[in-house]
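Structure, as structure tokens:
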Amino acid sequence: MRPGRDFNMFLLWLMYITTIPLFAGVCMGGELPLPGTESLINFIRAVDPKNILRSSWNGSKSDPCLDKWMGIKCDLQTHNIREIRLENLNLSGTIDADSLCKLPFLRVLSLAKNLIRGSIPDGISNCKSLVHLNLSSNLLHGRLPASLTNLKNLQSLDISNNNFSGTIPKFKQELKYFYLSMKSSTLEMTPNRTNNMKKLMKESSTISNSPNITKPHTEGQKTNAEWKQWIPLLLGIAFFILFIFFVNKKAKTVRDNEILQTLEDASFNIPAVKAGDEMKLEEEHSELVFFVEEDERFKIEDLLESAAELQGQSLCSSLYKVKLKNNTIFAAKRLKKLQVSFEEFSHTMRQIGNLKHPNILPLVAYHSSNEEKLLIYKYQWNGNLLTLLENYAEGKRDFPWRLRLSIASGIARGLDFMYRRSGGRERIPHGNIKLSNILLNENEEPLISEYGFQRFLDPKKECLYSSNGYRAPEKRLTEQADVFSFGIILLELLTGKTVERSGLDLPKWVKSMVREEWTGEVFDKEVNKAGKQWAFPLLNISLKCVSHFPEKRPNITEVLHKIEEVMNAQEDFSFSSVSSMESNQQDCCILHSVIPETWETPGSNH
């Protein structure tokens, strides 16, 4: 027995000399070396060139885990970086994949809602442990690298609200969560992402019903902060177990990894489809209610069995491109868990379906059940106004003044029809006027989409006003709020700047330029080329539209009249005389005549 007892004493002594100095060092403020700190710092410098994070990370004394670096989560036992979440921080750099992929245990990367530019680097394929990748709502562009398919452990991918082009690589594994928005890109779905609509609806329901998709890590951050206070004690216990019960090391490691995996999966909260859900979904489907001629109608079964592509998805809705067997293509909007009765929804949709105007996207049909609703529209191949303006900014196409004026007039006519000329019917506010919801038909005439259901969305979810740059200060569904949103679009057409993805406070910028007497610099080059005398009246009315107080805004009919005045004056004016009449003095006079002293300036605290 003596040799065994001596061996145990040796282990205890070895544990003592190994862990006690380490334990004391940590408790007295010492630092543990962290592999990958330098690589992490290089990645942060690339993604945050303006040092918005205002970090003091120097790679020698600072520890991302112990010093609670913003957005960094580590494995408490192995001290490896597991997650990087830097969301909605106005980061404006690029993705340094070479540095990022030197973190061998990184499982989660989320850079959502920033201003990240450039493309997804091909080297991202070296991040072999990556499970969840979220690059949504940035300024990324270019083709998606085929090397993305080398990420064998990838389970969720969100690249929505960027400007990618080309085709989507074929992933060998089945992604649990795949989200891309086709409204602002020219991505094409590869055949393996195309399926019939019924299957896509069943797959997407497990994602959209998850309450934690928009903020999946809030609880995890709180729990992580509490555990970090116990790091010294945990380290001591871990080393004690390591040296005394080393024979159980392998089993313990497996068990800990399983627990960690369970926690990480729970943080994303992507439930599996429950048994019986498919049958329940099918039982709830009934016939479609149509607003088109008999020969254009089809059955719900035809729709569900047709080839479909998921175009975009959020907590509140999914959008599908559906091709029927007769090759007719439709856009199907799927709405979930609306706060409305079957009768009220049907009543509203019948009003919308019977509302016919050349500048309102016509509703082809709708379907309603207790759990979800389907809205069917004809697919518009020319995309939307956001894509047009962004392509112009990138030099891919022209966007002349006359087309801008025509589009502004068409949107105003559609809104005016909603509020003034709906045949005595109930006036239904739109509630989500923005560039991407203005579609363009084959003649590049505007079609207002997403109309009629905003009033039924859950106000607690971030669906009702997903684009804050267009939201009126009072945050209500009214004509005045729609006028505010339309005023933002007018400013975008005049300046050539876009709000939807940049987060720019466009009214504030325009007012500051005017206050500094740089009004002529506000207009885009195409607007300046056409003549400022036509743009100044529209600048004036758009600034009135974005007034802070609803009662100071014009109604949509007044806005339409002003746009039509400009159009008529331009038609009657002889362009041959413009060059001889223009001068800086004339611009000054025009400015003082169209912008009154009563409009709000940035100093008015509104």
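Summary of computed values
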read-out: Residue list for the stretch 499-522, restricted to those being closer than 30 Å to Asn138 by Cβ and either of a type in the set (D, E, K, R) or buried (at least 20 other Cβ atoms within 10 Å of the Cβ) (or both); value: Val499, Glu500, Arg501, Asp505, Leu506, Pro507, Lys508, Val510, Lys511, Glu521, Val522
read-out: Output for the stretch 306-329, where each listed residue is surrounded by fewer than 20 Cβ atoms within 10 Å (Cβ to Cβ) and more than 17 Å from Ser160 (Cβ to Cβ); value: Ala307, Lys323, Leu324, Lys325, Asn326, Asn327, Thr328, Ile329
read-out: Test set (1) modelled with pLDDT under 90; (2) among the aliphatic types (A, V, I, L, M); (3) out of contact with any Pro (no Cβ under 9 Å at 6 or more places or on another chain); (4) within 28 Å of Ile237 (Cβ to Cβ) - Ile72 fails condition number; value: (3)
read-out: Residue in the stretch 414-421 that is surrounded by fewer than 17 Cβ atoms within 10 Å (Cβ to Cβ) and outside the structural domain of Gln339 (by TED's automatic domain parsing) present; value: yes
read-out: Residue list for the stretch 513-537, restricted to those being among the aliphatic types (A, V, I, L, M) and either farther than 18 Å from Gly487 by Cβ or touching a Lys or Arg at 6+ places or on another chain (Cβ under 7 Å) (or both); value: Ala530
read-out: Any hit, the stretch 544-558, residues being in contact with a Gly (Cβ under 8 Å, 6 or more places away or on another chain), assigned by TED's automatic domain parsing to the domain that holds Glu390, part of a helix (DSSP H, G or I) and modelled with pLDDT of 95 or more; value: yes
read-out: Residue count, the stretch 523-552 (criterion: surrounded by fewer than 22 Cβ atoms within 10 Å (Cβ to Cβ) and over 21 Å from Gln570 (Cβ atoms)); value: 5
read-out: Pair list, Cβ < 6 Å and 6+ apart or interchain, from the stretch 429-444 residues that are over 28 Å from Pro473 (Cα atoms) to residues that are in a strand (DSSP E or B); value: Asn441/Leu447
read-out: Conditions (1) touching a Leu at 6+ places or on another chain (Cβ under 9 Å); (2) at pLDDT below 75; number of the one not met by Pro49; value: (2)
read-out: Checking Ser56 against (1) at pLDDT 85 or above; (2) out of contact with any helix residue (DSSP H, G or I) (no Cβ under 8 Å at 6 or more places or on another chain); (3) within 19 Å of Ile41 (Cβ to Cβ), the condition it does not meet; value: (1)
read-out: Elements of type helices (runs of 4 or more DSSP H) in the stretch 294-395, at least 1 residues being within 21 Å of the chain's Cα centre (by Cα) and within 22 Å of His430 (Cβ to Cβ); value: 385-393
read-out: Residue in the stretch 367-390 that is touching a helix residue (DSSP H, G or I) at 6+ places or on another chain (Cβ under 9 Å), touching a residue at least 60 places away in the same chain (Cβ under 8 Å) and aromatic (Phe, Trp, Tyr) present; value: no
read-out: Unmet criterion (only one of (1) in contact (Cβ under 8 Å) with a residue 60 or more places away in the chain; (2) of a type in the set (D, E, K, R); (3) not in a loop (DSSP other than H, G, I, E, B)) for Lys102; value: (3)
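Residues checked against (1) among the hydrophobic types (A, V, I, L, M, F, W, C); (2) closer than 22 Å to Leu91 by Cβ; (3) modelled with pLDDT of 85 or more; (4) assigned to a loop (DSSP other than H, G, I, E, B):
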site: Leu139; (1), (2), (3), (4): yes, yes, yes, yes
site: Asn153; (1), (2), (3), (4): no, no, yes, yes
site: Phe164; (1), (2), (3), (4): yes, yes, no, no
site: Phe178; (1), (2), (3), (4): yes, no, no, no
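Residues checked against (1) modelled with pLDDT of 95 or more; (2) outside the structural domain of Gly410 (by TED's automatic domain parsing); (3) assigned to a loop (DSSP other than H, G, I, E, B); (4) among the charged types (D, E, K, R):
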site: Glu492; (1), (2), (3), (4): yes, no, no, yes
site: Ser502; (1), (2), (3), (4): no, no, yes, no
site: Val510; (1), (2), (3), (4): no, no, no, no
site: Val514; (1), (2), (3), (4): no, no, no, no
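The values are calculated or read from the model by the stated rules, or taken from the named source; none is laboratory data. All values derive from a computational prediction rather than experimental measurement. Here Cβ is always computed from backbone atoms with ideal geometry, including for glycine, and neighbour counts include all displayed protein chains.
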